[in-house]
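The values are calculated or read from the model by the stated rules, or taken from the named source; none is laboratory data. Since we're looking at a predicted model, the values are computed, not measured. As a convention, Cβ positions derive from the backbone with ideal geometry for all residues, glycine included, and neighbour counts pool all protein chains shown.
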Amino acid sequence: MKLLVTGFDPFGGETTNPAIEAVNQLPDKIAGADIVKLEVPTEFNRCAEVVRAAILAEQPNVVLSIGQAGGRAALTPELVAINLNDGRIPDNAGQQPVDQPIQPAGAAAYFTQLPIKAMVRAIQTAGLPGQVSTTAGTYVCNHLMYQVQYLRATEFPALRAGFMHIPFLPSQVTDKPNMPSLSLVDDVRGITAAIAAIVTE
Ligand code: PCA
């Protein structure tokens, strides 16, 4: 089995993104499955083009995308992606779509094919905070989760795909009062546990 694991680059004025930091530190094999790592730009549309090219090149069985969700206190596998771009802030290319469909002819929403409850149980069993999330937001993360599902619906029917948001790193919250964070070591442990659940489920 081969998993393509993607991580977003820093955005919104941050100098780091725990997503790509953690993805880069994942082992090359988890529970016997091959792990291919990919950095993706925090840009509407281009993030999906980069992932599509990697799917074509690597032919993964599973795509798991990771993004930062500042304010969350847990590793949160996402249930659903919705057909909406609504940026609170511009992306890294200066684009800020508001109230726009991602795919005008696409479904209103797609559910993940990943075993998100088993992933959450694995994260919790590793001694880390994990919860199912029922909203990936309306920014670039939801956009990428939706676009990969749209690719599955239109081009890669055998693919299973999903998304997981992770908290800020401690270094990102030094000046943010009452803001939760999780260490990079714990991010890597939690993502590894979640991937093992995908592989063995
Ligand atoms: N988080 C943003 C986009 C990139 C990232 O890591 C989001 O939640 O939409």
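Per the listing Pro90, Pro60, Pro41, the residue uniquely of a type outside the set (S, T, N, Q) and in contact with a strand residue (DSSP E or B) (Cβ under 6 Å, 6 or more places away or on another chain) is Pro60.
A quick yes/no check of all residues on (1) among the hydroxyl-bearing types (Ser, Thr, Tyr); (2) under 19 Å from the mean Cα position of the chain (by Cα):
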| site | (1), (2) |
| --- | --- |
| Gln149 | no, yes |
| Arg152 | no, yes |
| Gly162 | no, yes |
| His165 | no, yes |
| Leu169 | no, yes |
| Pro177 | no, no |
| Pro180 | no, yes |
| Ser183 | yes, yes |
| Gly190 | no, yes |
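Consider segment 1-34 and keep the residues that are out of contact with any Pro (no Cβ under 9 Å at 6 or more places or on another chain) and of a type in the set (Ser, Thr, Tyr). The one that is nearest to the ligand (Cβ to nearest atom) is Thr6. Would you mind telling me which numbered condition in (1) touching a helix residue (DSSP H, G or I) at 6+ places or on another chain (Cβ under 6 Å); (2) surrounded by 21 or more Cβ atoms within 10 Å (Cβ to Cβ) Ala31 fails? Going through the list (1) touching a helix residue (DSSP H, G or I) at 6+ places or on another chain (Cβ under 6 Å); (2) surrounded by 21 or more Cβ atoms within 10 Å (Cβ to Cβ), Ala31 breaks only (2). Screening Glu39 against (1) more than 10 Å from the ligand (Cβ to nearest atom); (2) crowded, with 17+ Cβ neighbours inside 10 Å leaves a single unmet condition, (2).
In this entry, Pro97 passes the filter for residues that are in contact with a strand residue (DSSP E or B) (Cβ under 8 Å, 6 or more places away or on another chain) and assigned to a loop (DSSP other than H, G, I, E, B). If you go through segment 13-29 and keep only what is closer than 12 Å to Gln172 by Cα, assigned to a loop (DSSP other than H, G, I, E, B) and not hydroxyl-bearing (Ser, Thr, Tyr), you end up with Gly13, Glu14, Asn17. Selection over segment 168-180 of residues that are surrounded by 18 or more Cβ atoms within 10 Å (Cβ to Cβ) and under 22 Å from Thr125 (Cα atoms) gives a count of 2. Scanning segment 112-167 for residues that are within 15 Å of the ligand (Cβ to nearest atom) and part of a loop (DSSP other than H, G, I, E, B), which turns out surrounded by the most Cβ atoms within 10 Å (Cβ to Cβ)? Step by step, filter segment 112-167, then rank; the result is Ala136. Restricting attention to segment 151-184, the residues that are hydroxyl-bearing (Ser, Thr, Tyr) and in contact (Cβ under 8 Å) with a residue 60 or more places away in the chain add up to 1. Among the residues making up segment 49-70, those that are within 16 Å of the ligand (Cβ to nearest atom) and not acidic (Asp, Glu) are Val50, Val51, Val63, Leu64, Ser65, Ile66, Gly67, Gln68, Ala69, Gly70. For segment 45-58, check the following and say yes or no: at least one residue is exposed (fewer than 14 other Cβ atoms within 10 Å of the Cβ), within 23 Å of Met119 (Cβ to Cβ) and modelled with pLDDT of 95 or more. Among the residues of segment 45-58, not one is exposed (fewer than 14 other Cβ atoms within 10 Å of the Cβ), within 23 Å of Met119 (Cβ to Cβ) and modelled with pLDDT of 95 or more, which makes the answer no.
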